[in-house]
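Below you'll find the structure, written out as structure tokens, and then a few comments.
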Amino acid sequence: MAAFGDFHLVNGAGWSVYWRILHPVGSGLEVWFADFHGKRVLWRGSQPFAIVPYHRPVAEPPPPEHSYKDGINPMCGGAPFTALKHTAPNSIDPWTSSLFDAAVDTDAVVVDVEPATDFGPAHLTISAKFQCGWYQYVHRWEFDSDGNIHPQVAMGGALNPYSKDKAHVHHMYFRIDLDLDGFPSDVVEIFEHSSFNDPGGDKWKLVPTQGKFLADPATARKWQVRDTKSKNELGQHRAYQIEVPQTAGRDKYSTGDVWVTVYRGDSVQQGEDVGGDCTDKALESVYATGPLDTVNGNDIVLWVVARAHHEPRHNGEEFHHLPYHYEGFSITPRNFEVFREQREPGRGSRKQKPGTRRRPL
Amino acid sequence: MKSDMSDLTRKLKPVLAPMSKKEERQAVKSAVEHLIAEIGSGHDLRYRILGAEIRIEKPPRRGDVPDRLIRVLIADYSNQHNLDISVNHKGKVVQSEVLRGLQPAFHPDEIQEAKEFAERDKRVARLAKISGSFASAFASDLALERGRRLVGLHYLAVAKSGEVKPLATLVVDLASGEIVNFRDDKVEGGS
């Protein structure tokens, strides 16, 4: 068994999922082969890089762009993600010492299986934390017993010691390779709500080419990956939808919200070649290029941004450390399976019991 | 308890087995032999294995089982580039390419070596002796321009108050062992 890079199988809440941290330095938490109730949903999900532009003047990030590319193949003065022991404190200490670095991947990861409650479904959660310069990032993937997936990232650690008061934006990029009941027969559709007058108040449109897309809360815009072959018991095509609730806007460094691309391999187009100009523009100019087969489908890969504008509370609550701030989005099933009968939402999960819910590795 | 794993994934289980020490050794050996054969044995070669990992790629058809490959990343300091070599279960190299413009994450030994090179310089040696000082690695853009393995290092110090003070920012060329850029943060960037 290798210290890092092996696939680890976990189960719970109706899900079977492998996780992996490829390297101690330079990669984040990945989830692979996520299956729900015996059907493949996700080939691979990851959060491989971040683009972090700062207000200026500022010494770090360096000029002329003052925008880090962190994570895989860091650029523009950025840093890689370094796996920490999950017990590492949320403080500046793990940055100043290697004492908190994970020696093996299982030091870094916590798997929780929590039962359904009166207020929500059961879920399987896989979490790990990473040092990135003075920052800490938590990668968290939550798989719910109702089929939902919630990729999340948290920002913690400490403020920029070169300029604690400088505001900045974290643009966190997720790579989502959905394989609904296998590949390569998926199409992408985009949803728009334009009025309350039916028919036509809500519309789905097929996406004919790879490209960059923008979030638009005014039209409740969302995206759907639909399998053209696999159907549920009612003959409906299986699908998963992505909704991106942005709490910060795009800028010249982070230019989109969702990119529709196709699979070109698991060793290429993982974000390693994005950010040479301290922006995400290569996602559009290199990755999301070419037509899509709207009849037979393609092997679709989506890139999705979650972002947060951080106005430091450097003289107050963030003086010593940054309380973890979570951002994320939802990947929601549609017609993936038919719930004809009322059944316990957490099939395969434990009954709720008082006391601790944590299941250590 | 009924498994929630799909038949598609169940077929992959043998491919997803943990990497054994033997498998890793064999892959690294094959990759290094390939590198030496490419360069020529008479060449003065200086390199470092950055890592070996299981590589899975989707098979051509739905339901097929993919090949299990071991991917070996090598920093070739002599030729100032990085190599990505994939080896199959028989130890045969099936793919080899130069990672043009890409710099895999620094190996912990590279960061240590960069610190040792840096602290030969009196300016840096003085900083490294300051109480609470530490170094943090970053990716220098000079690496993209020059195609070299360049390690950026921020030197900082934790004061008794717990506050972190920047000391200096520098870039070390692992091929030459020289500092190629130095910025005194006590003057320019320190808060």
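Measuring max minus min along each principal axis, the C-alpha atoms of chain B give extents of 61, 56, 28 Å (largest first). Taking trypsin sites (Lys or Arg not before Pro) across segment A:283-336, the ones in a DSSP loop with at most 15 further Cβ atoms lying within 10 angstrom of their Cβ are A:ARG313.
Of the GluC sites (Glu not before Pro) found in segment A:195-284, those in coil by DSSP whose Cβ has at most 14 other Cβ atoms within 10 Å are A:GLU233.
Derived value for segment B:108-184: Kirkwood hydrodynamic radius 12.5 Å. Basis is the mean of 1/r over every pair of different alpha-carbon atoms.
Using a 10 angstrom Cβ neighbour count of at most 16 plus a DSSP loop assignment to flag exposed chymotrypsin sites (Phe, Trp or Tyr not before Pro), which longest range of chain A is free of such sites? List each step's numbers first, then the result.
Numbers: sites that count: A:PHE119, A:PHE196, A:PHE319, A:PHE339.
In short, A:197-318.
For q = 0.06, 0.11, 0.14 Å⁻¹, what log10 I(q)/I(0) does segment A:8-334 give under the Debye formula with an equal point scatterer on each alpha carbon and no solvent? Reported log10 I(q)/I(0), two decimals: -0.20, -0.70, -1.13.
Of A:LYS252/B:LYS165; A:LYS166/A:LYS252; A:LYS166/B:LYS186; A:LYS166/A:LYS281; A:LYS85/B:LYS21; B:LYS122/B:LYS160, which pairs sit farther than 20 Å apart, going by alpha carbon to alpha carbon?
Values: A:LYS252/B:LYS165 31 Å; A:LYS166/A:LYS252 18 Å; A:LYS166/B:LYS186 18 Å; A:LYS166/A:LYS281 24 Å; A:LYS85/B:LYS21 23 Å; B:LYS122/B:LYS160 25 Å.
Flagged as over cut-off: A:LYS252/B:LYS165; A:LYS166/A:LYS281; A:LYS85/B:LYS21; B:LYS122/B:LYS160.
The residues packed around A:PHE213, meaning those with a beta-carbon under 14 Å from its beta-carbon, carry a net charge of -2 if Lys and Arg are +1 and Asp and Glu are -1.
Remark on A:ASP101: its backbone amide H falls under 5 Å from those of A:LYS85, a criterion applied only to residues 5 or more positions apart or on other chains, H modelled at 1.01 Å from N. Can you return the aspartates and glutamates within cross-link range of A:LYS164? Criterion is Cα-Cα under 20 Å, with same-chain partners fewer than 8 residues away left out. Cα-Cα hits under 20 Å: A:GLU60, A:GLU65, A:ASP70, A:ASP93, A:GLU311, A:GLU317, A:GLU318, B:GLU163, B:ASP184, B:ASP185, B:GLU188.
Remark: spin-label model distance A:LYS229-A:PHE319 equals 6.2 nm, labels positioned 7 Å along the Cα→Cβ axis. Cross-link reach is defined here as a Cα-Cα straight distance under 12 Å, omitting same-chain residues fewer than 8 places apart; for A:LYS39 the aspartates and glutamates meeting it are A:ASP179, A:ASP181, A:GLU337, B:ASP4, B:ASP7. Computed from Cα positions, the angle between helix B:108-118 and the longest principal axis of chain B comes to roughly 20 degrees.
Which loop-located trypsin sites (Lys or Arg not before Pro) does segment A:229-261 contain, where loop means any DSSP state but H, G, I, E or B and the Cβ has at most 13 other Cβ atoms within 10 Å? Walk me through the numbers before you get to the answer.
Values: sites: A:LYS229, A:LYS231, A:ARG238, A:ARG250, A:LYS252; in loops: A:ARG250, A:LYS252.
When the trypsin sites (Lys or Arg not before Pro) of segment A:229-261 are filtered for loop state and at most 13 Cβ neighbours within 10 Å, A:LYS252 remain.
Computed over segment A:207-337, the P(r) curve from all C-alpha pair distances, binned at 5 Å from the origin, holds 2, 9, 15, 17, 18, 15, 10, 6, 4, 2, 1, 0 percent per bin. Exposure here means at most 14 other Cβ atoms within 10 Å; with trypsin sites (Lys or Arg not before Pro) in a DSSP loop as sites, the longest stretch of chain B lacking them is B:3-45. Sequence-ordered 3J(HN,Hα) estimates for segment B:70-81 from the Karplus curve with 6.51, -1.76 and 1.60 and θ = phi - 60° stand at 10, 9, 10, 9, 10, 8, 9, 6, 4, 9, 6, 8 Hz, glycine and proline given as x. Database remark: amide H of A:ALA248 closer than 5 angstrom to the amide H of A:ARG307 (H placed geometrically; neighbours at sequence offset of 5 or more, or on other chains; Pro and chain starts carry no H). Using θ = phi - 60° in the Karplus curve 6.51 cos²θ - 1.76 cosθ + 1.60, the 3J(HN,Hα) couplings for segment A:131-148 round to 8, 8, x, 7, 8, 10, 10, 9, 9, 9, 10, 10, 10, 8, 6, 9, x, 6 Hz; x is entered for Gly and Pro. Mean sequence separation of contacting Cα pairs (under 8 Å, at least six apart), scaled by the length of chain B, corresponds to a relative contact order of 14 percent. Stokes-Einstein, applied to the Kirkwood radius of segment B:7-98 over Cα pairs at a viscosity of 1.306 mPa s and 10 °C, places its translational diffusion at 112 µm² s⁻¹. Taking other residues whose beta carbon is less than 13 angstrom from the beta carbon of B:ILE39, and scoring Lys, Arg as +1 and Asp, Glu as -1, yields -3. The coefficient of translational diffusion for segment A:1-83, derived via Stokes-Einstein from the alpha carbon Kirkwood radius under 37 °C and 0.692 mPa s, stands at 224 µm²/s. Report, in listed order, any pair from B:LYS22/B:LYS58; A:LYS222/B:LYS58; B:LYS58/B:LYS115; A:LYS129/B:LYS22; A:LYS69/A:LYS205 with a Cα-Cα distance greater than 32 Å. The pairs that break the limit, which is 32 Å between Cα atoms, are B:LYS58/B:LYS115; A:LYS69/A:LYS205.
Segment B:48-92 and segment A:264-305 have Cα centres separated by 21 Å. Give the aspartates and glutamates reachable from B:LYS2 as a straight Cα distance under 16 Å; neighbours fewer than 8 places away on the same chain don't count. Counting by Cα, and skipping residues close in sequence, B:LYS2 has these aspartates and glutamates nearby: A:ASP35, A:GLU344.
By the scheme Lys and Arg +1, Asp and Glu -1, what is the net charge of all other residues having a beta-carbon under 13 Å from that of A:GLU142? Numbers along the way, then the final one.
Details: positive: A:ARG140; negative: A:ASP112, A:GLU114, A:ASP144, A:ASP146.
Spelling it out: positives minus negatives among the neighbours equals -3.
Taking 4.7 Å between beta carbons as the limit, the unpaired Cys residues of chain A are A:CYS132.
Once every DSSP H run of n ≥ 4 in chain A is given -39500 (n - 2.57) and the sum is divided by its residues, what mean residue ellipticity at 222 nm do you get, rounded to the nearest 500 deg cm²/dmol? Provide the component values of the computation, followed by the final result.
Working: 2 runs with 8 residues, N = 361.
That calculation yields -500 deg cm²/dmol at 222 nm.
Annotation: amide H-H contacts under 5 Å for B:HIS81 (H modelled 1.01 Å from N, sequence separation of 5 or more, or interchain): B:ASP76. Expressed as an acute angle from 0 to 90° and rounded to the nearest 10, what is the orientation of the C-alpha long axis of helix B:21-39 relative to the principal long axis of chain B? Helix B:21-39 sits roughly 70 degrees off the main axis of chain B. Overall, segment B:16-129 carries a charge dipole of about 280 debye about its Cα centre when +1 sits on the Cβ of Lys and Arg and -1 on the Cβ of Asp and Glu, all other atoms neutral.
Based on the Kirkwood radius over alpha-carbon pairs, what value in µm²/s does the Stokes-Einstein equation return for the translational diffusion coefficient of the protein assembly as shown at 10 °C and 1.306 mPa s?
On the way: Rh = 24.5 Å.
Reported coefficient: 65 µm²/s.
About its Cα centre, the dipole of chain A is roughly 440 debye, where the only charges are +1 on Lys and Arg Cβ and -1 on Asp and Glu Cβ.
Just so you know, all these numbers are worked out from the coordinates, no wet-lab data involved. Since the structure is predicted, the reported quantities are computational estimates derived from the model, not experimental observations. Note: ideal-geometry Cβ built from the backbone for every residue, glycine included; neighbour counts use all protein chains shown.
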